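The values are calculated or read from the model by the stated rules, or taken from the named source; none is laboratory data. Owing to the predicted nature of the structure, the values given are computational and were not obtained by experimental measurement. A quick note on method: Cβ atoms are made from the backbone with ideal geometry, for glycine too, and the neighbour counts reach across all protein chains shown.
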Amino acid sequence: MRNVFLGIVILLLIGCSKEENTSEVPDNVPVIDVDGNVYNPVVIGKQTWFKENLKVSKYSDGTIIPEVNDPAVWSTLNTGAWCYYSKNTSFGIEFGKLYNWYAIAGIYDVASFNDTALRKKIVPKGYHIPTDGEWTILTNSLGSNTGGKMKEIGATHWADTSPETTNSSLFTALPAGIRIGYGTFYFIGEYGYWWSATSIDSDIAWYRSLGYNSNNVCRSYDDKNYGFSVRFIKD
């Protein structure tokens, strides 16, 4: 009987050890999405972010996120969609895709719009879209000159940057521009906008933005059918 008891204890310990090892993802390991795009991690404070904007065209289970170019269609959506800035695929290589908020929330049909339990995951397992609060933790951890510490240096992508732009955080923010609710594109090379996962009501959600002419980080909200860039963060 004593041997049986010891055997059960050993099995339980092995089971716990295995579960702990498989659930922990190292902070320095690149992540690959369902399309094969690679994202490189950067630790900022106690958070692990990724240096690249999201580029995926499917949810993690393989469900297609539609590319929507028609402005009339884009403006009426309340399900997930993405596009390239100005419908130009070459922008997607460096800047990533622009997504409406419904895409990052995993809303792919009428049922998932109404039932959060049915929503899909857009980033790999172990990661998620940052909340408004997690964006605030990031900017607070960087202190003064926050935007300058987050923006890519030089004029390769930004229209202009000040001497205070250092990218010391390695966040490497890029000015991917915006697609407004009516489907028009603006501000590539000048501004970058990133969704948060935090909804305010059925129509609007929080986001962050950075501009070429400022080293501040703007916290604001806009309509969920706007097209913004997306970053993700480790659970």
The stretch 137-166: number of residues that are of a type outside the set (A, V, I, L, M) and touching a Ser or Thr at 6+ places or on another chain (Cβ under 9 Å): 13
- request: Residue by residue through the stretch 191-218, note down the ones that are under 20 Å from Leu142 (Cβ atoms) and among the charged types (D, E, K, R).
  value: Arg208
query: Would it be correct to say that Asn215 is surrounded by 18 or more Cβ atoms within 10 Å (Cβ to Cβ), modelled with pLDDT under 95 and out of contact with any Cys (no Cβ under 7 Å at 6 or more places or on another chain)?
result: yes
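Return yes or no: is Val68 at pLDDT 95 or above and in contact with a Pro (Cβ under 7 Å, 6 or more places away or on another chain)?
no
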query: Right, Lys121: touching a His at 6+ places or on another chain (Cβ under 9 Å) and either within 22 Å of Lys224 (Cβ to Cβ) or buried (at least 18 other Cβ atoms within 10 Å of the Cβ) (or both) or not?
result: yes
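A quick yes/no check of all residues on (1) in a strand (DSSP E or B); (2) surrounded by fewer than 21 Cβ atoms within 10 Å (Cβ to Cβ); (3) not polar (S, T, N, Q):
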{"position": "Thr156", "(1), (2), (3)": "no, yes, no"}
{"position": "Thr161", "(1), (2), (3)": "no, no, no"}
{"position": "Thr166", "(1), (2), (3)": "no, yes, no"}
{"position": "Pro175", "(1), (2), (3)": "no, no, yes"}
{"position": "Tyr182", "(1), (2), (3)": "no, yes, yes"}
{"position": "Trp195", "(1), (2), (3)": "yes, no, yes"}
{"position": "Thr198", "(1), (2), (3)": "yes, yes, no"}
{"position": "Ser202", "(1), (2), (3)": "no, yes, no"}
- request: Test each condition in (1) surrounded by fewer than 10 Cβ atoms within 10 Å (Cβ to Cβ); (2) modelled with pLDDT of 85 or more; (3) hydroxyl-bearing (Ser, Thr, Tyr) for Tyr39 and report the one that comes out false.
  value: (1)
message: I'd like to know if the stretch 118-126 contains one or more residues that are part of a loop (DSSP other than H, G, I, E, B) and farther than 25 Å from Asn28 by Cβ.
response: yes
- prompt: Of the residues in the stretch 204-235, how many are assigned to a strand (DSSP E or B) and not hydrophobic (A, V, I, L, M, F, W, C)?
  reply: 12
